[in-house]
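Undergrad: The structure follows.
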Amino acid sequence: MFSRRTIRSLLIAGATLLPVGSAASADLEDPYFGEALFHAYQAQFFEALERLDTEIGQHYGVDEPELDSLHPYIDHAEFSVGDFELDYRMHNRAGRAIRAILEGKVEEPVRNEAAFRLAKIHFQKDQPEEALLALDAITGRIPEEIRDDVDFLRANIYLATNRPADAVDVLRDLQDSEDLKGFSRYNFGIALLQDGRNQEAVRELDRAGQVAAADPVTLAIRDKSNLVLGTLQSEASEFGSAQLSLDRVRLDGPFSNQALLRAGWAEASAENFERALVPWSILAQREPTDTAVYEAMLALPYAYSQLNVHGRAAVLYEQAVETFGNELDKVKASIDSIQLGGFLEALAREEIRQDRDWVVRLRSLPEAPETFYLLSLMASHDFQTSLQNYLDLEDLRSKLVSWQRSLDSFEDIVRLRQAYYEPLLPEIDRQFRKLDAQVRLRQEQRKYIDQRLQHMLVVPSPEALATSEERQIEARLEQLEAGLRKSNDPRAEVLQRRIARLRGALTWNVETQYDRRLTEAHEHLRELNEDMETLTAQYDAFVRARQAATHSYVGYEIPINRLRVRAAEALERMERLTAQQGHVLEAVAINELNGRREHLEAYQNQARFAFADSYDRAAKAQAR
């Protein structure tokens, strides 16, 4: 039978091993949304939220949102905001954002994806019942890319709510999922184990421990499966099978120390102490920051004593006593350094945190003994939470300081713009008034011509479309007629008849060409309209440029001062919270180190008593 404690620890591991997905990628035409995703892919979720929140707010503020480049992606953007807030541990805001989409009028796949993300939020907040209710709201068509994730989350919720049989039914259908390879089979084995179907659980864990994989995450879950399987087989006294399972765990993986320790105890339980020496010897030479290494340093001389090699056992116990003493000195130095503030200074190192493995690098800093046991401290949930809160507060404090410097830069920019534009604006305004008068005159002239042409469509007026040459001829004929009326020349009557014939010819041309001339006039008016549109566009551009010149330095004093006050208040509050959180972090670290010191003292005492016993046995053997 398997111990209840072992089963409970396995269930916790199985229920929390949920792979984390990233935001969907696409060929975006909106550069600002793409910039937010760029920051999110680098785990810079605050920067991603800052940019995407601004972009969404501007999208809803424009007059015609459907013309905005974000419009085709607005649902995805709303989802991404919730994801970023969730990744930034803003569970309440993320839940409200996704719930708003869930309650809106959206398509069925979008609604189902929103319900899935809301369920993830509740599950991560340790609210499995609410998470299950959110999943139950999923109906109809589910997007293909999240279909397996929905079922996997449902199975984990069943495990968390002590419904292993339901989890088994769900996980059985996920065994062929490529995205969940390793995870689904491991959780399937844990669900079977919780349901009391031990033989089936062992079989599934054995399959999970032999999954073909190349990526680190799947390799880690494969090692975890083999470690769990070997532990169960060892507790069931199946030492040969346990050894085979534990041998499959990689020596450079995250579970290698526990696997080596369990492998040694499996051989020791089968009284194969010589074979137990191999894994324990490897483990005892590793970095003494893991309790598994401490246990190996005691187990190795124990195996030698069981083989009656008491001299070697005494030497190893003596080395263990010395090692534990050195570790106690390091722990004391770490506690002293933490109390002096060295721990927080090490955490705030920017050059360290730019590395993905910054936690490991912190541990190797020679001048920072307080970070030596950081990897072990990270195993504590309280420490992880406090650490991330402190780092977030420190990041926000740095941003506030940077924003304050930016406000000074803005004021310099405003001052330089004012010094540049103010000497130029009087001449620009003078030219603008001249241009404005010309534009208004041309607009009135065009309006008058348009009204005349529209009137001619109702009341024809051929003389209004006479050419300039015809108007000159008409005026010349009127002058000649006036002269002849005053003349006593006997040829005046003949000349008047000739003038009348010329006037008739002129009138004939004007009357017969009226339709063509009216059409041409409308065509010329359309050409004039194009010129007027160009002139108006230039005029509007000039007006906007003139307004922009003034707006670039006028009206900024009050907003900048208001922002400066808000930034100062926020910085004061942030420094206070950072100091409080740093104190919590130091307290958690010191508590962890005190616990480690107690364990080291206990191990040292055991090693001392065992050393004395082995020394006596070795002396007696030598005397014999």
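The values are calculated or read from the model by the stated rules, or taken from the named source; none is laboratory data. All values reported here derive from a predicted model rather than from experimental measurement. Cβ sites come from the backbone with ideal geometry, for glycine too, and all protein chains shown count toward neighbours. Surface areas here come from the heavy atoms of the whole protein model, side chains and all, with no ligands, DNA or RNA. Shrake-Rupley method; radii C 1.70, N 1.55, O 1.52, S 1.80 Å.
Undergrad: Please compute the net charge surrounding Q210, taking Lys and Arg as +1 and Asp and Glu as -1 over other residues with Cβ under 9 Å from its Cβ.
TA: Charge balance near Q210 sits at +2.
Undergrad: Still on this structure, please answer the following. So what is the relative contact order for the chain, in percent, with contacts set as C-alpha pairs under 8 Å and at least six apart?
TA: 10
Undergrad: Charges only on Cβ, +1 for Lys and Arg, -1 for Asp and Glu: so what's the dipole of the chain about the Cα centre, in debye to the nearest 20?
TA: Its charge dipole is roughly 740 debye.
Undergrad: What do you get for the angle between helix 425-458 and the principal long axis of the chain? Use alpha-carbon atoms, 0 to 90 degrees, nearest ten.
TA: Its long axis makes an angle of about 60 degrees.
Undergrad: Farthest toward the dipole's positive end in the chain, which of H455, S402, A268, given Cβ charges of +1 (Lys, Arg) and -1 (Asp, Glu) about the Cα centre?
TA: H455
Undergrad: Same structure again: Do the alpha carbons of any pairs in K125/K224; K125/K332; K330/K399; K125/K181 sit beyond 28 Å of each other, and which pairs?
TA: Result: K125/K332; K330/K399 exceed 28 Å.
Undergrad: What is the distance, in nm, between label points placed 7 Å from the Cα along the Cα-to-Cβ direction at A602 and at E572?
TA: Those two pseudo-labels are separated by 4.9 nm.
Undergrad: Quick one: angle between helix 183-194 and the longest Cα principal axis of the chain, in degrees between 0 and 90, rounded to 10, please.
TA: Helix 183-194 sits at roughly 50 degrees to that axis.
Undergrad: Something else now. Mind jotting down the distance between the C-alpha centroids of the stretch 28-80 and the stretch 439-487, whole Å?
TA: Value for the Cα centre distance between the two parts: 62 Å.
Undergrad: Going by alpha carbons, how many degrees (0 to 90, nearest 10) lie between the helix axis of 468-486 and the longest principal axis of the chain?
TA: 20
Undergrad: Residue by residue through the stretch 227-232, which ³J(HN,Hα) values in whole Hz follow from phi under the Karplus form 6.51 cos²θ - 1.76 cosθ + 1.60 (θ = phi - 60°), with glycine and proline marked x?
TA: Ordered by residue, 3J(HN,Hα) equals 5, 5, 5, x, 5, 5 Hz.
Undergrad: Please give me, ordered by residue number, the trypsin sites (Lys or Arg not before Pro) of the stretch 253-318 that lie in loop per DSSP and have at most 16 other Cβ atoms within 10 Å.
TA: R286
Undergrad: Same structure again: Between W403 and L484, what length comes free when the chain is fully extended (0.36 nm per residue of separation minus the Cα-Cα distance, one decimal in nm)?
TA: Full extension from W403 to L484 adds 20.0 nm.
Undergrad: Sticking with this structure for a sec: For the residue pair Q124 and Y448, what label-to-label distance in nm results when each label sits 7 Å from Cα along the Cα-to-beta-carbon direction?
TA: Reported label-point gap for Q124 and Y448 is 7.2 nm.
Undergrad: Give me the distance in nm between label points sitting 7 Å out from Cα along the Cα-to-Cβ direction at D215 and S461, one decimal.
TA: Taking the two extended label points, one gets 8.1 nm.
Undergrad: Here's another thing I want to ask about it. For R440, what is the net charge nearby, where nearby means another residue's Cβ is under 15 Å from its Cβ and Lys, Arg count +1, Asp, Glu -1?
TA: +2
Undergrad: Among (1) 206; (2) 184; (3) 233, which is the computed volume of the Cα convex hull per residue in Å³?
TA: (3)
Undergrad: Give me the extension gain from I428 to L391: residue separation times 0.36 nm, minus the current Cα-Cα distance, reported in nm with one decimal.
TA: Roughly 8.0 nm would be gained on extension.
Undergrad: Next question, about the same structure. Mind jotting down the distance between the C-alpha centroids of the stretch 164-207 and the stretch 562-624, whole Å?
TA: The stretch 562-624 and the stretch 164-207 have Cα centres separated by 38 Å.
Undergrad: Where in the stretch 431-463 does the amide nitrogen come within less than 19 Å of the point 7 Å from the Cα of A545, taken along Cα to Cβ?
TA: Once the point is set 7 Å along Cα→Cβ of A545, 431-440 turn out to lie under 19 Å by backbone N, inside the stretch 431-463.
Undergrad: What is the magnitude of the charge dipole of the stretch 146-201 about its Cα centre, with +1 placed on the Cβ of each Lys and Arg, -1 on the Cβ of each Asp and Glu, and no other charges, expressed in debye to the nearest 20?
TA: Dipole of the stretch 146-201, to the nearest 20 debye: 200 debye.
Undergrad: For the stretch 506-624, which whole percent of the accessible surface, found with a 1.4 angstrom probe, sits on carbon and sulfur atoms?
TA: The nonpolar share, carbon plus sulfur, comes to 52 percent.
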